[in-house]
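First up is the structure itself, then whatever we jot down about it.
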Amino acid sequence: MYLVVGLGNPGPRYAFTRHNVGFMFIDRICNNLKKQNNYEYCQKTLFGKDILFVKPLTYMNLSGEIFNHLNKEDFSDIIVIYDDVNLPLGKIRIRKSGSSGGHNGIKSLINYLGEDFKRIRVGIGPIPKDINLVDFVLGEFQENELKILDKVLNLSVDALYTIFKDGIDKAMSLYNSQEVKL
């Protein structure tokens with residue numbers, strides 16, 4: 001089975017914030033989520049692969065705690081979708097592995113998994129000069145940004161499907177250079 005984890009913060013206060021792009025991604029794929037322990041999930045079969053889609057219900061900085069409830073050995077592959085302030089809104093970046101890049105949710109996952117898991121980073125930047133990082137990522141998208149985000153989330157879903165259908169190298173070559181604009 002494959003595991004796809006979308007990162008975010010639980011609760012209505014954070015639902016439409018920039019830091020919840022991973023949750024928005026999971027919601028785009030899963031119509032009905034079930035609750036289990038400390039996460040919400042749905043299971044689907046796509047391209048002949050059984051996939052568990054998960055939203056950890058801890059706060060972002062504790063995202064790795066999902067593996068107190070899930071055994072990483074049960075999954076043949078793990079893909080994480082999350083926000084990235086270092087990428088402009090409208091771009092995604094797919095990677096086979098890597099460091100946290102300063103993202104606390106990814107730092108938490110690395111503590112449980114090591115650095116060897118696939119990622120789809122969804123750009124939410126750049127950060128305006130007059131706002132600090134925390135206020136920016138916990139701030140909601142502006143109306144014009146939501147239009148771009150909608151298209152980027154569709155692009156991200158297509159990228160994930162390409163990973164499952166044709167492999168991560170193909171997905172990286174197709175999607176890492178694309179940019180969504182209004």
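If Lys and Arg each add +1 and Asp and Glu each add -1, what is the summed charge of the other residues whose beta carbon sits under 14 Å from the beta carbon of Asp50?
With Lys, Arg at +1 and Asp, Glu at -1, the net is 0.
In whole Å, what are the Cα extents of the range 1-157 along the three principal axes, biggest one first?
Computed over the Cα atoms, the extents are 45, 30, 28 Å.
Trypsin sites (Lys or Arg not before Pro) within the range 56-108: which are DSSP loop residues with at most 13 other Cβ atoms inside 10 Å?
Lys96
What FRET efficiency comes out for Leu174 versus Lys49 if R0 is 22 angstrom and r is the Cβ-Cβ distance? Round to the nearest 0.05.
Computed FRET efficiency for Leu174 and Lys49: 0.70.
Can you give the local net charge around Asn154? Use residues other than it whose beta-carbon is closer than 12 angstrom to its beta-carbon, Lys and Arg +1, Asp and Glu -1.
+1
Hey, what's the chain come to in accessible area per residue, 1.4 Å probe, Å²?
48 Å²
Non-local amide H neighbours of Leu87 (under 5 Å, H modeled in plane, Pro and chain starts lacking H): which ones?
Under 5 Å from the amide H of Leu87 lie the amide H atoms of Ile124, Gly125, each far enough along the sequence or on another chain.
Check which residues have an amide H placed less than 5 Å from Val4's amide H, if you skip close sequence neighbours.
Amide H neighbours of Val4, under 5 Å, 5+ apart: Leu52, Phe53, Val54, Ile79.
Describe numerically, in nm with one decimal, the distance between label points set 7 Å from Cα along Cα→Cβ at Arg13 and at Tyr161.
The answer from the label model is 3.7 nm.
With n ≥ 4 as the cut-off for DSSP H runs, can you work out [θ] at 222 nm for the chain, using -39500 (n - 2.57) per run divided by the number of residues, rounded to the nearest 500?
Per the formula, -9500 deg cm²/dmol.
Given a Förster radius of 35 Å and the C-beta distance between Asn104 and Met1 as r, what FRET efficiency does 1/(1 + (r/R0)^6) yield to the nearest 0.05?
After rounding, the FRET efficiency stands at 0.80.
Restricting to the chain, compute how many DSSP beta bridges are antiparallel as a %, nearest 5.
Of all bridge pairs located within the chain, approximately 50 percent are antiparallel.
Taking just the alpha-carbon atoms of the range 1-52, what radius of gyration and Dmax come out, in angstrom?
Answer for the range 1-52, Rg first and Dmax second: 11.6, 37 Å.
What distance in nm separates the two pseudo spin-label positions at Asp77 and Glu115, each 7 Å out from Cα along the beta-carbon direction?
Taking the two extended label points, one gets 2.1 nm.
So how compact is the range 88-182: Cα radius of gyration and Dmax in angstrom?
Rg, Dmax (Cα atoms, Å): 14.4, 43.
How high is the relative contact order of the chain, given as a whole-number percent (alpha carbon pairs under 8 Å, six or more residues apart)?
25 percent
Could you point to the residue in Asn111, Leu89, Ser100 farthest towards the positive end of the chain's charge dipole, with +1 and -1 charges on the Cβ of Lys/Arg and Asp/Glu respectively?
Of the candidates, Leu89 comes out farthest on the positive side.
Within the range 1-91, what whole-number % of the accessible surface is contributed by carbon and sulfur, with the 1.4 Å probe and all protein chains included in the calculation?
C and S atoms contribute 43 percent here.
Dividing the Cα radius of gyration by the Kirkwood radius, what Rg/Rh value follows for the range 116-166?
Rg divided by Rh gives 1.08.
Provide the net charge surrounding Leu182, with neighbours chosen by a C-beta distance below 9 Å and charges set as Lys +1, Arg +1, Asp -1, Glu -1.
+3
The values are calculated or read from the model by the stated rules, or taken from the named source; none is laboratory data. Keep in mind that this is a model prediction, so the values were computed, not measured. Neighbour counts are summed over all protein chains in view; Cβ atoms, including those assigned to glycine, are modelled from backbone coordinates with ideal geometry. All accessible areas refer to the heavy atoms of the entire protein, side chains included, with ligands and DNA or RNA removed. Shrake-Rupley method; radii C 1.70, N 1.55, O 1.52, S 1.80 Å.
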